[in-house]
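Before any comments, here is the structure.
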Amino acid sequence: MPNRFLRKSIFLSIRGMSITVALIAASIIFACSGSMTGISSKMFVRLDPFYGVEVGNDANASEIISVLQDLKISTVRLWANVNWNERREPSSGVFDRARRLKQAGFKVIVLFQNREVPSSATEVKAYFDWVQTLPGIRESIDIWEILNELEGRKYWLGTGRQYVQLVLKPAWESLHSQREKVLGGSFSAWQETGWNTNITQEYLTAGYLNYVDYAGSHPYTFTVEQMKWHLNQVKQLYGSKPIIITEWNFLPQARADHGRDYQKWRQMLDEVLPYVKGQVLTICYFRLHHLHSEGGWPGLIDYENRPVNPFYEMYRSWTRSV
C-alpha cells in the first residue's frame with residue numbers, strides 16, 4: 001500500500017506539473033497569437049514603445065510591414081476622417097489598415113478627425129458607442145486620439161469649452177465604459193502669434209485633462225532650442241499626465257535651422273531626440289512616406305517603399321531600450 005500510494009502521489013504531482021506547464025504554454029501562445037480573430041493582444045508589446053511613425057492613408061499596410069519591422073518601429077498612428085452622424089467605415093480604409101497592422105503586432109493609435117462643432121454631445125457619444133461594435137475594432141485600436149491640432153481653425157472650428165464638452169467628454173465616456181484609452185487632441189508649438197502655450201492653457205482651463213489618459217502635443221519648431229523650450233512648457237502644464245506626440249519633426253520651411261539641408265536636418269533630430277525621450281511616452285515621426293507638398297516632409301521611404309536617406313538610416317540607428 002505505501003508503495004502504491006507513493007507511486008500515485010508521484011504520478012499526480014507529475015501530472016499536476018504537466019497541467020501547469022501546459023497552462024503556462026497556452027497563456028504564452030495566446031498572448032503572442034491573439035484572439036480567435038487573429039488580432040494581437042493589447043497587452044503584447046514587442047518593441048520599445050517610444051518609437052512610432054505617422055502612417056498616411058496613402059500607405060498599403062501589407063507592403064509597409066517589412067519596412068516597419070526593419071526600422072524596429074513599435075507604434076503606428078493612423079488618420080480617420082469621420083462624420084459623427086454616419087454609421088459606416090471611412091472610405092480611406094483606415095479601419096482595415098488598423099486591423100492589419102495590429103494583426104502584424106504593432107501598437108495602433110487612430111486619430112478621429114472632424115473639424116465641425118457637433119450639435120450635441122449625444123451624437124458624438126453615439127458615434128463612439130457604434131464604432132466600438134465594428135468587428136475587431138476595439139481589439140485593433142490601442143489608443144483613440146480625439147481631433148488634431150486644436151490651436152488653429154484648420155482642424156477645429158470651435159472653442160476649448162466646446163471641444164471638451166461636446167467632443168472629448170462624450171468620447172471619453174463611451175470609450176472608458178469599455179476600458180479603452182483616450183489621447184486628447186494635440187497642440188502645435190506656434191499658437192496665435194508666437195511660440196507659446198496660450199491656447200493649450202485655454203483648453204486645460206476648460207477641463208481637457210479630466211477626460212484623457214494621455215495628453216497630445218505636436219512640437220513643430222524651426223530650431224532645437226525652440227523644441228526643448230516648448231516641451232518644457234508643455235510638460236509643466238500637463239503635470240503627471242503622460243504625453244504622446246503623434247506628429248514629430250521640425251518644420252520644413254527653408255528658414256528653419258536646417259535650411260532644408262537633409263544632413264543638417266538629421267543632425268537636429270539626432271540632437272534633440274535624447275531630450276524628447278526624457279519628456280514623453282511615445283513619438284510618431286512625421287511621416288513614413290516622403291511628401292513633397294506642404295513645404296516637403298522628409299519621409300523614411302518613398303512611394304515605392306525604398307529608403308529615403310539620411311532619414312531612414314537615422315531612424316534605424318537610434319538606440320532602443322529593448
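The values are calculated or read from the model by the stated rules, or taken from the named source; none is laboratory data. Quantities reported herein were computed from a predicted structural model and do not represent experimental measurements. For neighbour counting, all protein chains shown are included, and Cβ atoms are generated from backbone atoms with ideal geometry for every residue, glycine included. With ligands, DNA and RNA removed, areas are computed over all heavy atoms of the protein, side chains included. Shrake-Rupley method; radii C 1.70, N 1.55, O 1.52, S 1.80 Å.
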Worksheet, complete the sentence: A student applying the Cα gyration tensor rule (rounded when a/c is under 1.5; otherwise prolate if a/b is larger than b/c, oblate if not) would label segment 189-229 oblate
Discussion item. Please compute the length gained on full extension between residue 81 and residue 271, using 0.36 nm multiplied by the number of residues separating them and subtracting their Cα-Cα distance.
Written reply: 65.0 nm
Fill in: Which labelled figure in [x] 22.6, 91; [y] 22.7, 70; [z] 18.5, 55 is Rg and Dmax of the Cα atoms in Å, once derived from the coordinates
[x]
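Where Lys and Arg each count +1 and Asp and Glu each count -1, what net charge lies around residue 145 among other residues with Cβ under 14 Å from its Cβ?
On the way: positive: 77, 107, 181; negative: 54, 142, 149, 180, 213, 247.
Result for the neighbourhood of residue 145: -3.
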Fill in: Percent carbon-and-sulfur accessible area, the chain, ignoring ligands, DNA and RNA, probe 1.4 Å
54
Worksheet item: For residue 236 and residue 62 in one chain, what is 0.36 nm times their gap in residues minus the Cα-Cα distance, to one decimal in nm?
Response: 58.6 nm
Response to the item:
The answer for the chain, accessible area per residue at 1.4 Å probe in Å², is 47
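To check you understand DSSP bridge types, tell me what percent of the beta bridges within the chain (both residues inside) are antiparallel, rounded to 5.
Details: 4 of 32 bridges.
So the antiparallel bridges in the chain amount to around 10 percent.
Which value at 222 nm does the chain reach when only helices count, each DSSP H run of 4 or more adding -39,500 (n - 2.57), with the total divided by all residues and rounded to the nearest 500 deg cm²/dmol? Write down the numbers at each step before the final one.
On the way: 10 runs with 121 residues, N = 322.
The per-residue figure over the chain is -11500 deg cm²/dmol.
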Worksheet entry | Inter-centroid distance (Cα atoms) of segment 95-111 relative to segment 251-299, Å | 24
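Looking at segment 164-286, what % of its DSSP beta bridges pair antiparallel, to the nearest 5?
Numbers: 2 of 9 bridges.
If I count the DSSP bridges inside segment 164-286, around 20 percent turn out antiparallel.
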Item to complete: Evaluate the distance, in nm, between pseudo-label points positioned 7 Å from the Cα of residue 126 and of residue 210 along their respective Cα→Cβ axes.
Response: 2.5
Worksheet item: Looking at the chain, how many pairs of lysines come closer than 19 Å at the Cα, when each pair is eight or more places apart or spans two chains?
Response: 20
Fill in: Loop-located trypsin sites (Lys or Arg not before Pro) in segment 252-322, at most 12 other Cβ atoms within 10 Å (DSSP)
255, 320
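Could you please report the charge total around residue 210, scoring K, R as +1 and D, E as -1 over all other residues with beta-carbon less than 14 angstrom from its beta-carbon? Walk me through the numbers before you get to the answer.
On the way: positive: 161, 169, 241; negative: 173, 213.
Surrounding charge for residue 210 is +1.
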Worksheet item: From the square roots a ≥ b ≥ c of the eigenvalues of the alpha-carbon gyration tensor of segment 230-322, which class results: rounded (a/c under 1.5), prolate (a/b over b/c), or oblate?
Response: prolate
Worksheet item: Nearest 20 debye, what's the magnitude of the dipole of the chain about its Cα centre given +1 on Lys and Arg Cβ and -1 on Asp and Glu Cβ?
Response: 1520
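Under a Cβ-only charge scheme (Lys and Arg +1, Asp and Glu -1), can you give me the dipole magnitude of segment 125-256 about the Cα centre, in debye to the nearest 20?
Numbers: 12 positive and 13 negative charges, 32 e Å.
Here segment 125-256 has a charge dipole of around 160 debye.
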